[in-house]
1. Remind me, relative contact order of the chain in percent, using alpha carbon pairs under 8 angstrom and six or more residues apart?
2. Mean-square fluctuation check for the chain, GNM, Cα pairs under 10 Å: which of Val112, Val48, Val93 is largest?
3. Any idea what the dipole of the chain comes to, in debye rounded to 20, about its Cα centre with Lys/Arg Cβ at +1 and Asp/Glu Cβ at -1?
4. Can you pull the one-decimal nm distance between simple spin-label points at Gln116 and Leu11, each 7 Å off the Cα toward Cβ?
5. Return the percentage of antiparallel bridges among DSSP beta bridges fully within the chain, rounded to the nearest 5 %.
6. Bin width 10 Å, alpha-carbon pairs only: give the P(r) of the range 40-124 as whole percents, running from 0 to the bin holding the largest distance.
7. Taking the solvent-accessible surface of protein heavy atoms with a 1.4 Å probe, what is the per residue accessible area of the range 21-124 in Å²?
Amino acid sequence: QVQLAESGGGLVQAGGSLRLSCAASGFTFSSYAMGWFRRAPGKEREFVAAVSWNGGGTDYADSVKGRFTISRDNNKNTVSLQMNSLKPEDTAVYYCARRWGTGTTRIPTNYVYWGQGTQVTVSS
């Protein structure tokens, strides 16, 4: 079955960096676009970043553009999110997700599988 397992979350001071990883299994990883979303306490789930099936296309939320970088390794079945210049407002549970198609999208309902999430806490 499809499994997505996030790792790399933790506590970091503002201005610091973290790298999240998502290990995928149970499907042909290179056939699907992947995305990262987050949910902060008391807020709706929001799009963070997405990468197309071959890594050739990426998309970022305006709030993270220039600070976060999404990448994938189709040989290792992993998708990563490098987060730099972290801010307290980046504090959230971060989720990896697989969509049903090959291109990027910001729409959560276009993603059919989700990981359990990893907590990122940025202290001021």
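1. Relative contact order here is 36 percent.
2. Comparing Val112, Val48, Val93 in a Gaussian network model of the chain, the most mobile one is Val112.
3. About 60 debye.
4. My value for the distance between the label points is 2.1 nm.
5. Once the DSSP bridges in the chain are tallied, antiparallel ones form about 90 percent.
6. Distribution as computed: 16, 52, 28, 3 percent.
7. Per-residue accessible area for the range 21-124 comes out at 48 Å².
The values are calculated or read from the model by the stated rules, or taken from the named source; none is laboratory data. All values reported here derive from a predicted model rather than from experimental measurement. Here the Cβ is made from the backbone with ideal geometry for all residues, glycine too, and neighbour counts use every protein chain on show. Just so you know, the surface numbers come from the protein's heavy atoms only, side chains and all, with ligands and any DNA or RNA stripped out. Shrake-Rupley method; radii C 1.70, N 1.55, O 1.52, S 1.80 Å.
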